[in-house]
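Step one of this worksheet: look at the structure below.
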Amino acid sequence: MEFPILSLMLAVPLIGAIACLFLPAGTARMVALVATLINLLLGAWLWVDYDIGGAQWQFVERAEIFAGFSYALGIDGIALMLIMLSVFLMPICILASWEGIKKRVGEYMSAFLLMEVLMIGVFASQDLFLFYIFFEAGLIPMFLIIGVWGGDNRIYASYKFFLYTLLGSVLMLIAMLWMVNEAGTTDIPTLMQFEFSSNAQTWLWLAFFASFAVKMPMWPVHTWLPDAHVQAPTAGSVILAGVLLKLGGYGFIRFSLPMFPDASAQFAWFVLALSMVAVIYTSLVALVQADMKKLIAYSSVAHMAIVTAGLFAFNVQGIEGAMMVMLGHGLVSGALFLCVGVIYDRLHTREIARYGGLSTNMPRYAVFFLLFTMASIGLPGTSNFIGEFLALAGVYEVSTAVTLVLTTGIILGAAYMLYLYRRVAFGTQVNEDAARMSDINVREWAMLAPIAAAVLWMGVYPESFLAPMRQDISALEARIARVAPDFDSDLTIGEPREHAANYMAGEANGEGAH
């Protein structure tokens, strides 16, 4: 073990969380901000020091706690990118809460720092039960953030959030116990290469799916998300959409696909069918929303459906696209919730009809909001474009029909996001209180400008994000390619696999596209 940077990234926010419990409000805010900024610097160090093309698992730390349970940490390129997303958004969440949270500030900051510990722990865990502890414990701080500092209907939303995830969590734990008994190890890298029987894989896949599908969330177990977003404080919505929704996608990449490849192939059409329904249904629901947060929440379900479709296309482009959509959506959805929070702090309403013409009195705000709106609909040069393009290219290799449905959902996404922007930023100002609102201040600049820069960076130079993940995604694809379902035998229309194989062979030989 070299320098234990991953343990340090867990320790810094944990120490800050404990300290915030005993500090006055102003000091607690500063401690939380400093702790998250330190972790951001450690994350940057992690990224710079990561050896692209080196060993699959790097920065490994391992200490046996007792027989069958180890404190084991380590990351690959996929985990690295999701950790970077987490540590990047956390200081912004603290800034977003600077003035809006006035009661129990120390406890609030402590809950956010504890959540950072648990999120990093999920992505860095290499022990099965250590992963489970981090994965499920993450419910607790978010449950408290919604239930204590949320809106008027916060108790209902927090309990719904908790109960939806409970059943899947229990089933996943039972599956994990069986896996450890069967494989004789709790080591995740070892389990990723273990060959479970086909019959066992079916039941294990379903048990894990029950947990990951709720976390994504996939249709029809998505109904907890709009309520949670509407009732959560602004920073709670940012971290929920930005990182916590990605835990399900990470679970599919780390567990369902490599550990249960036969079952993943068996249920691929089931996942694709749910993804198609989700993209169309939630996009149509988003079109008729009167609450800005609910509209963005439903858009998140549609974007996560692109992720699941890309993952279960069983090819490199689909998986790379799914990861890029997760990263891009984490930035853009978080930024959109921040934009809602900026005007909510001034007018204390999220009703779209109460605004209009904000580009007149809040031009800088309107520019930021426009950038994030365009990024959400996948404008080339912004973060979401490359992810959606790769994911759809991966799906197109296996089915033209599915791609057509998913693309229709993206068109609907452009409709509801542009419709939202027109009603908020353009038009005649009919509400005097909205017309008197001041433009963004220095703190709000500090929240929105870094995300805007990251959105453009990812859109203009996506290779810097794809490069660390490419080797790990290729290894995953090699693991599942042998059992990839023959989609074309199930559909009358589809991109022939022979064409895809020839294309990839041409790329490997340096011949380029045919």
Checklist outcome for this item: When residue 298 is run through (1) over 19 Å from the mean Cα position of the chain (by Cα); (2) touching a residue at least 12 places away in the same chain (Cβ under 8 Å); (3) open to solvent by 10 Å² or more (accessible area, probe 1.4 Å), the failure sits at (1)
Item to check | Every residue from the stretch 36-66 that is open to solvent by less than 40 Å² (accessible area, probe 1.4 Å) and either within 15 Å of residue 117 (Cα to Cα) or part of a helix (DSSP H, G or I) (or both) | outcome: 36, 39, 42, 43, 46
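Hey, among 382, 403, which residue is β-branched (Val, Ile, Thr) and touching a residue at least 12 places away in the same chain (Cβ under 8 Å)? Working first, answer last.
Values: 403 fails: touching a residue at least 12 places away in the same chain (Cβ under 8 Å).
The match here is 382.
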Checklist entry - Of 89, 33, which residue is touching a residue at least 40 places away in the same chain (Cβ under 8 Å), within 30 Å of residue 441 (Cβ to Cβ), open to solvent by 10 Å² or more (accessible area, probe 1.4 Å) and not in a loop (DSSP other than H, G, I, E, B)? => result 33
Next on the checklist: Against the definition (assigned to a helix (DSSP H, G or I), modelled with pLDDT of 90 or more and under 22 Å from residue 390 (Cα atoms)), how does residue 480 come out, yes or no?
Outcome noted: no
Item to check | Residues of the stretch 104-116 satisfying the condition of being farther than 13 Å from residue 149 by Cα and open to solvent by less than 10 Å² (accessible area, probe 1.4 Å) | outcome: 113, 115, 116
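For (1) over 15 Å from residue 218 (Cα atoms); (2) outside any helix (DSSP H, G or I), each residue gets a yes or a no:
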{"residue": "278", "(1), (2)": "no, no"}
{"residue": "284", "(1), (2)": "yes, no"}
{"residue": "296", "(1), (2)": "yes, no"}
{"residue": "310", "(1), (2)": "no, no"}
{"residue": "314", "(1), (2)": "yes, yes"}
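If we keep just the residues of the stretch 234-282 that are of a type in the set (Val, Ile, Thr) and in contact with a Cys (Cβ under 9 Å, 6 or more places away or on another chain), which is surrounded by the fewest Cβ atoms within 10 Å (Cβ to Cβ)?
Going through the stretch 234-282, the residues of a type in the set (Val, Ile, Thr) turn out to be 234, 238-239, 243, 253, 271, 277, 279-280, 282.
Okay, now just the ones that are also in contact with a Cys (Cβ under 9 Å, 6 or more places away or on another chain), so 234, 238-239.
Values: 234: 22, 238: 29, 239: 27.
Going through the qualifying residues, I end up with 234.
How about the stretch 187-240: which helices (runs of 4 or more DSSP H) wholly inside it have at least 1 residues that are of a type in the set (Ser, Thr, Tyr)? Working first, answer last.
On the way: elements: 188-191, 198-215, 224-231, 234-239.
Counting at least 1 such residues, we get 188-191, 198-215, 234-239.
So that you can scan it fast, the table gives a plain yes or no per residue for (1) open to solvent by 10 Å² or more (accessible area, probe 1.4 Å); (2) closer than 23 Å to residue 224 by Cα; (3) in contact with a Leu (Cβ under 7 Å, 6 or more places away or on another chain):
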site: 102; (1), (2), (3): yes, no, no
site: 132; (1), (2), (3): yes, yes, yes
site: 144; (1), (2), (3): yes, yes, no
site: 154; (1), (2), (3): yes, yes, no
Next on the checklist: Condition first: open to solvent by 60 Å² or more (accessible area, probe 1.4 Å) and among the hydrophobic types (A, V, I, L, M, F, W, C). Now tell me which residues in the stretch 435-446 satisfy that.
Outcome noted: 442, 445
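Has the stretch 174-195 got at least one residue that is under 23 Å from the mean Cα position of the chain (by Cα) and farther than 19 Å from residue 256 by Cβ? Even if it seems obvious, please write down each step before you answer.
Looking only at the stretch 174-195, we keep the residues that are under 23 Å from the mean Cα position of the chain (by Cα), and these are 188-189, 192.
Among the residues that remain, those that are also farther than 19 Å from residue 256 by Cβ are: none.
No, the conditions are met nowhere in the stretch 174-195.
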Next on the checklist: Cβ-Cβ under 7 Å, sequence separation 6+ or interchain: first residue in the stretch 461-482 and among the small types (Gly, Ala, Ser), partner surrounded by 13 or more Cβ atoms within 10 Å (Cβ to Cβ). Which pairs?
Outcome noted: 474/316; 475/56; 481/314
Next on the checklist: I'd like to verify a number: residues in the stretch 307-326 that are of a type in the set (A, V, I, L, M, F, W, C) and open to solvent by 10 Å² or more (accessible area, probe 1.4 Å), how many?
Outcome noted: 1
Checklist entry - If we only count helices (runs of 4 or more DSSP H) wholly inside the stretch 338-434, which ones have 3 or more residues that are surrounded by fewer than 23 Cβ atoms within 10 Å (Cβ to Cβ) and of a type in the set (A, V, I, L, M, F, W, C)? => result 363-376, 383-398, 400-425
Next on the checklist: Consider the stretch 181-232. How many of its residues are crowded, with 16+ Cβ neighbours inside 10 Å, free of Cβ contacts under 8 Å to residues at least 24 places away in the same chain and either of a type in the set (Ser, Thr, Tyr) or in contact with a strand residue (DSSP E or B) (Cβ under 8 Å, 6 or more places away or on another chain) (or both)?
Outcome noted: 1
Checklist outcome for this item: residue 216 fails exactly one of (1) modelled with pLDDT of 85 or more; (2) under 19 Å from residue 320 (Cβ atoms), namely (1)
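The values are calculated or read from the model by the stated rules, or taken from the named source; none is laboratory data. Just so you know, these numbers come straight off a predicted model, no measurement behind them. Note that we place each Cβ from the backbone using ideal geometry, even for glycine, and neighbour counts take in every protein chain shown. All accessible areas refer to the heavy atoms of the entire protein, side chains included, with ligands and DNA or RNA removed. Shrake-Rupley method; radii C 1.70, N 1.55, O 1.52, S 1.80 Å.
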